[in-house]
Amino acid sequence: MKNKIYRKLYLIIFITIFSSSLSYSQDFSTLYNYYKSKDFFHFRDGVKPFISLNISWQRAYLEALSDCTFGDFQNSKKNISLILTKYYKDIPDSLFKDLYYAKAIVHMNLYEYYEAAEACEQIKANYLKYFTKDELDSFNDDYDLFSGLKDCLPQTVTKNNDSKIKVEKDMAGMLNIPLKINGVDNKFIFDTGANFSVIVESEAIKLGMKILKKTVQVSTSTEEKTDAYLAIADSIFIGDIKIKNAAFYVLKDESLTFGPYKIIGVIGNPIIRAFGEVRISKDNELTIPLIPDSLSLGNLAMDGFTPIIQVICENDTLSFVFDSGANTSTLYEPYLLKNKSEIEGNYTLTDITMGGAGGMHTYKGYILDNIKLQIGNYSCILKKISLLAERPNFSDKNFYGKIGQDFIQQFDTVVYNYTNKYIEFIK
């Protein structure tokens, strides 16, 4: 009888220990939920002091996701490799889809296209059942992109000194930057909020860019998707900076034609981020320093390839998309849910129309007055700002809003520092 009791006791202990290794600690669950809800700054600040006690893979896992989100790609890559070699059998399957997705994003940001595509293949073969519909839509876009670039050479950027470039604004208020693509002088929009660089089909052909045969789906700033190709520019010069093997989405000309306003090309995130730091002044001078500055603001994250900025509003930390290509800032449904009674008691529901490469779309929402938002050391009051009362079907919808030019233009200079992960405003 005594031996049976001991055997039962040993069995209970064994099951308890085994189960605990496959479960989440309470702190882990809290932090992981921050990550899943894209509350990136609370997530990062919670990961720093996190202690995983006897579940040794948890800290490495959270650090891998945090470092991917905040641009420390080499350290994220190191932790992902550690988990996949040492703790592979300890982690629940449901967590692997985020780990492999982070792995794909890390390799893509390091221009390791083959490895990014291979990580997506792992997801497609084993973990699609763990994706929500929204996550699956995003993954399918990335899968098309990564697999399309799988056999391409990596992008490289060469800087030899500080570059100062005079830019100009077009009829839509967008910054246009002079550049040379494959030896031909041109002007493209310079958009720090663009997830990827874009060119229209006629211009890609004219410039002799290598257009890849694979068709990809591209999500637009509204609820639409549009077909595109991928193309590689052998060489681009922006000032004295040389970019080789830069990848672009190729869209039909009509997709970027808005009446008399036509866009022929956009320089976006994969190129701009590789500069390390970009400074844009109010008098339309763009500076790319050879050596980026180092401040400790730590207010810049990346949701895949979308810049996310830390905004302080009524003493709370909120995550906003940072979109220098947007003329106006916008608030999204999570902001309404946070301030529902105050907004519904003081404002009237109305129609709000938004547009982009996918066309125009009308949403129900509110026009709010005098909203104070702080970024870094400075705050601004936006006298009129749209708030969408419904959750649209585009990728920004899980954030509290989008910061656009109506905020940015209140400062003399904005600094985008991708090396040390911050955006600084200077008056």
Using alpha-carbon coordinates, inclination of helix 73-86 to the longest axis of the chain, degrees
30 degrees
Inverse of <1/r> over all distinct C-alpha pairs of segment 216-370, i.e. the Kirkwood Rh in Å, gives 19.0 Å
Have a look at Ile51, Ile236, Ile264 and tell me which one the Gaussian network model of the chain (Cα, springs below 10 Å) gives the largest fluctuation.
Ile51
Which angle between 0 and 90 degrees, to the nearest 10, do you get for helix 133-148 versus the longest principal axis of the chain when only C-alpha atoms count?
70 degrees
Karplus 3J(HN,Hα) series, Hz, for segment 197-210 with 6.51 cos²θ - 1.76 cosθ + 1.60 (x for Gly, Pro)
6, 9, 9, 7, 4, 4, 6, 4, 5, 4, 8, x, 6, 7
How many angstrom lie between the Cα centre of segment 231-261 and the Cα centre of segment 82-105?
35 Å
Within segment 325-414, GluC sites (Glu not before Pro) in DSSP loop having at most 14 other beta-carbon neighbours inside 10 Å:
Glu390
Per residue of segment 110-123, in order, report the coupling 6.51 cos²θ - 1.76 cosθ + 1.60 (Karplus, θ = phi - 60°) as ³J(HN,Hα) in whole Hz, putting x for Gly and Pro.
8, 6, 9, 5, 4, 5, 5, 5, 5, 5, 5, 5, 4, 4
Computed magnitude of the charge dipole of the chain (debye, nearest 20; Cβ of K, R +1, Cβ of D, E -1):
1380 debye
Using a Gaussian network model on the chain with a 10 Å cutoff between Cα atoms, which of Pro392, Pro92, Pro307 fluctuates the most?
Pro92
Descending semi-axes in Å of segment 44-88, equivalent ellipsoid built from Cα gyration tensor:
16, 15, 5
Solvent-accessible ranking of Arg273, Arg279, largest area first, probe 1.4 Å
Arg279, Arg273
Probe 1.4 Å, protein heavy atoms only - accessible area per residue of segment 251-311 in square angstrom:
37 Å²
Give, rounded to the nearest 20 debye, the magnitude of the charge dipole that segment 27-164 has about its Cα centre when Lys and Arg contribute +1 at Cβ and Asp and Glu contribute -1 at Cβ.
320 debye
Top of Ser341, Ser197, Ser94 by mean-square fluctuation, Gaussian network on the chain, Cα under 10 Å:
Ser341
Send over the per residue convex hull volume for the chain, Cα only, as a whole number of Å³.
161 Å³
At a probe radius of 1.4 Å, what is the per-residue accessible area of Met171, in Å² to the nearest 10?
140 Å²
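The values are calculated or read from the model by the stated rules, or taken from the named source; none is laboratory data. Keep in mind that what you see is a predicted model, and the values were worked out from it rather than measured. Counting neighbours? That spans all protein chains shown, and the Cβs are built from the backbone with ideal geometry, glycine included. The accessibility values were calculated without ligands, DNA or RNA, using every heavy atom of the protein model including side chains. Shrake-Rupley method; radii C 1.70, N 1.55, O 1.52, S 1.80 Å.
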